[in-house]
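Visitor: The following block contains the structure, expressed as structure tokens.
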Amino acid sequence: MKAQADIISAVMIIIMAMSIASFAIIWGKPLIEKRQDMSLVERVYKSFDRDNSNSLTRKIEYVAKYGGEQTFSIDADGLWTFYPCADQGISACVCTAPACPSENNSVQFSFLSKVSNVAVDRGWIPGTCGSPPGLVGADTYSVICGKAETAVEGDFKLTYKTWFRELDENPADPNTKGYKIILSAPTGVTGSTGRSIRISRGTISPQTVGGKTLITTEIKIFLV
């Protein structure tokens, strides 16, 4: 009888251990996945952050200033979407409306995550992507925005964007002098699931748009 009782006790202990393990897996897996996605969101955000010297944004500005070629790689799976500079056939790709289209002249990266650091279903945050020209010496060429959209099975579709605007010496003066980084797609490829982007500088040219003198620096974007 004692041997039977020991066997029954051992079986019950095993069953209880398996139940506890199953409970831990069921409830612990979502927490682990969320922590992993929090790390993913942080990595992707840093890939666009101006405070990160190795971000896509900073690399584009560096090549625009100093020339040469650089390669940017992202540690995440997702979709690159590239909107070359184009404003209704105007070669200089200047703002002809009170606000520039926020897709025009931008590079975006979208991915799925179970967490979001951006308010969901509220559009681009902040709303400065697509703003009028900035001021030379006070503003930066690049504006960083993000948005989160409800996706399937409790996931969010997060998208970060770096958009390049014009900078003018005096935005209130129609005859001012302005500067702009314009993004081009030499290969015509504007979408990719690859992890790397090659960046090189093209032509730097002065153009007259209305009464404005605009100095444009072409940045060639190659999605790998």
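The values are calculated or read from the model by the stated rules, or taken from the named source; none is laboratory data. Everything numeric in this text was worked out from a predicted model, so none of it was measured. Every residue, glycine as well, gets a Cβ built from its backbone with ideal geometry; the counts of neighbours run over all protein chains shown.
Visitor: Ala97 fails exactly one of the following numbered conditions: (1) modelled with pLDDT of 90 or more; (2) out of contact with any Phe, Trp or Tyr (no Cβ under 9 Å at 6 or more places or on another chain). What is the number of that condition?
Guide: Only one criterion in (1) modelled with pLDDT of 90 or more; (2) out of contact with any Phe, Trp or Tyr (no Cβ under 9 Å at 6 or more places or on another chain) is unmet by Ala97, namely (1).
Visitor: Quick one: is Cys129 modelled with pLDDT under 90 and in contact with a Phe, Trp or Tyr (Cβ under 9 Å, 6 or more places away or on another chain)?
Guide: Yes, satisfied.
Visitor: While we're looking at this one, here's another question. Among (1) part of a strand (DSSP E or B); (2) modelled with pLDDT of 90 or more; (3) of a type outside the set (Asp, Glu); (4) farther than 14 Å from Thr81 by Cβ, where does Thr208 come up short?
Guide: Of (1) part of a strand (DSSP E or B); (2) modelled with pLDDT of 90 or more; (3) of a type outside the set (Asp, Glu); (4) farther than 14 Å from Thr81 by Cβ, only one is false for Thr208: (2).
Visitor: For Pro174, which of the numbered conditions (1) without any contact (Cβ under 8 Å) to a residue 60 or more places away in the chain; (2) in a strand (DSSP E or B); (3) surrounded by fewer than 21 Cβ atoms within 10 Å (Cβ to Cβ) fails to hold?
Guide: Here Pro174 meets the rest and fails (2).
Visitor: Which condition number does Pro171 fail, the rest of (1) at pLDDT below 90; (2) farther than 18 Å from Thr140 by Cβ; (3) touching a strand residue (DSSP E or B) at 6+ places or on another chain (Cβ under 9 Å) being met?
Guide: Checking Pro171 against (1) at pLDDT below 90; (2) farther than 18 Å from Thr140 by Cβ; (3) touching a strand residue (DSSP E or B) at 6+ places or on another chain (Cβ under 9 Å), the one that fails is (2).
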